[in-house]
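Participant: Below is one structure. I have some questions about it.
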Amino acid sequence: QVQLVESGGGLVQPGGSLRLSCTASGTIFSIYAMGWYRQAPGKQRELVATITNGGSTNYEDPVKGRFTISRDNAKNTVYLQMNSLKSEDTAVYYCEPFPPRVGVPWGQGTQVTVSS
C-alpha cells in the first residue's frame, strides 16, 4: 500500500516562498499522476496542481504563475514550490494521486500559514 507523507509547511509572510515535499512509500509511485490539494478552514478540499508521470503539469487559476509542481520518481517525491504567497493560500496542503485512488489513503497534510 502506498503511504504519503507531506512536509515543508510553516508560517510565512505575504510575498514569501515555501517548498513542500511529499514522499511516497511503495514502488509504484512513478506510474501515478500526482496532485497537490489544499483545504482551508471551513472550505472543501480543492485541487491546486497536477503532474503526470511524464512530467506534464497543470495549475488551477488561483496559483498559476506562482506555484510550480515537480517530481523526482527516483526519490518517490513530488514537490510544490510556492512563491508570492498570499493570505488566501493559507490551508493544509496534501498530495495524492490524480485523480484520487481508493487504495492510496490521504496523508496528514502540511500546514501553510501566510500572515504578517
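What follows draws every value from the coordinates through simple rules; no lab data is involved. Treat the numbers as computed from the prediction; the structure is a model and nothing was measured. Every residue, glycine as well, gets a Cβ built from its backbone with ideal geometry; the counts of neighbours run over all protein chains shown.
Participant: Using each residue's phi in segment 8-19, evaluate 6.51 cos²θ - 1.76 cosθ + 1.60 at θ = phi - 60° and report the 3J(HN,Hα) Karplus result to the nearest Hz, with x for Gly and Pro.
Facilitator: Karplus-based 3J(HN,Hα) across segment 8-19 equals x, x, x, 9, 9, 7, x, x, x, 10, 9, 10 Hz.
Participant: Let me spell out the model: positive unit charges on the Cβ of Lys and Arg, negative unit charges on the Cβ of Asp and Glu, origin at the Cα centre of the chain. What dipole size does that give, in debye rounded to 20?
Facilitator: That gives the chain a dipole magnitude of about 80 debye.
Participant: Select from Gln13, Gln44, Gln81 the residue whose mean-square fluctuation is largest in a Gaussian network model of the chain (Cα-Cα springs shorter than 10 Å).
Facilitator: Gln44
Participant: Would you mind counting up the charge near Gly9? Only other residues with Cβ under 13 Å from its Cβ, with Lys and Arg at +1 and Asp and Glu at -1.
Facilitator: 0
Participant: Now for a separate question. Please report the relative contact order for the chain, taking Cα pairs under 8 Å with a sequence separation of at least 6, and give it as a percent rounded to a whole number.
Facilitator: After rounding, I find 38 percent.
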